[in-house]
Amino acid sequence: MKSHRIAVAVAAAAIAPALLLSAPAVAAGKPAATAGSQSAVVAEDGRAAISAKVPGNVTAGVWTELQLTVDNRAGRTMEDLYAGIDTFVSASDFKDGDSELEYRAKDGSWQQPFTFGGNSHSIEWGRVEKGAVFTIEARIRYASHVSGHGMFNALVGSSSHTGWGGSTSLSFDVQPADGVQVPPDKATDHSTRVAFRGLPPKSDIRAGGDWRQFQLVLDNRRGEADIANFKLLMSVGLAGRAQPGQAEFEYRTSPDAPWQPWKVTRIQPMGILGSLNPPKLAKGELRTMDVRLRIAADAPTGGGVVIVWGGPEKNPQARTTSRMLDVTAG
């Protein structure tokens, strides 16, 4: 293995734990990694930087396009630039080889990068002049049985220079395709997964504006039994001190059912926590639930986050996912 491939693995291992803290960090008013969409560039003086663009939702079993942008204006001419990419889904049944990555080479053809560890990849790009800024087109496909909270870590560097350049991290949901069942030999993690659908990362939500409707996806296809009470908790984090009534959240159990308000259980300095009436999930069920969010006119503007936790009642192993928001003035 080349030395820079070892660096890719080490850096990815360092990035992933930090990403898990990204959503609470925003709720606490601290900088955080981007959930999907365009990532922020993490650059160092004299080194190349990298940013990435990944959709907020990725459907398992089909190719999803993404982009990597390399900015070498602060770097130096390199003969052997590489982009290291690590893909991961936070589920114990996500195994080596459950994701595929391809990139568009300089001749326009789709190529497979060097892959090691099953879900870590290295794109060998070659010579890059100082001052160059360019985009690498890529695409990713997860095995059809995969679902859960996904992470995408990328870094850029050169094995001919000490260390590596900038890095970036993004999070998103890997969603199941409708009607796809999980083979019994793949269902080793029997926990139910939760995901957002229809809420793009960094969505603009206007304070005092209309309801923003989207969906929750509850995936019990790996379940070993019916779940009588599937507990759902929601948190809406705001950029300033939250006050009662500044975030309204409603849901309905079917398209024809009336909207029901969440039950606010706690108001913290940077967010409002509430619960939904726990639905019943059948063994093997894949359910989509309509939800909607509205931000009051007097709410603080700026970066925000919406988080969902879901799991069987009295079961500490709840699954979670999140979306970053941008609350704008009305």
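The values are calculated or read from the model by the stated rules, or taken from the named source; none is laboratory data. For clarity, every value in this text was computed on a predicted model and none was experimentally measured. Quick reminder, even Gly has a Cβ in these numbers, built from the backbone with ideal geometry, and neighbours come from all protein chains shown. All accessible areas refer to the heavy atoms of the entire protein, side chains included, with ligands and DNA or RNA removed. Shrake-Rupley method; radii C 1.70, N 1.55, O 1.52, S 1.80 Å.
Quick one: of K231/K263; K186/K280; K95/K280; K231/K283, which pairs are farther than 19 Å apart, Cα to Cα? Where the Cα-Cα span goes over 19 Å, the pairs concerned are K186/K280; K95/K280.
Summarising the label geometry, the points placed 7 Å from Cα in the beta-carbon direction at D96 and K130 lie 4.1 nm from one another. Can you bin region 102-184 into rounded, prolate or oblate? Criterion: square roots of the alpha carbon gyration tensor eigenvalues sorted a ≥ b ≥ c, rounded for a/c under 1.5, prolate for a/b above b/c, oblate for the rest. Prolate is the answer for region 102-184, as a/c is 1.5 or above and a/b outweighs b/c.
Taken per residue, the accessible surface of region 198-330 reaches 46 Å², heavy atoms only and a 1.4 Å probe. Taking 0.36 nm per residue of separation and subtracting the current Cα-Cα distance, fully stretching the chain between D80 and S275 would add 65.0 nm. For F114, the accessible area of its heavy atoms, probed at 1.4 Å with every protein chain present, is near 80 square angstrom. Just check region 149-210 against the gyration tensor rule for me: Cα atoms, a ≥ b ≥ c as the square roots of the eigenvalues, rounded for a/c under 1.5, and otherwise prolate or oblate depending on whether a/b exceeds b/c. Note, shape of region 149-210 comes out oblate.
Computed from the C-beta positions of R252 and D185, the FRET efficiency with R₀ = 56 Å rounds to 0.95. Annotation: lysines with alpha-carbon distance below 17 angstrom to K202 (same-chain offsets under eight excluded): K30, K53.
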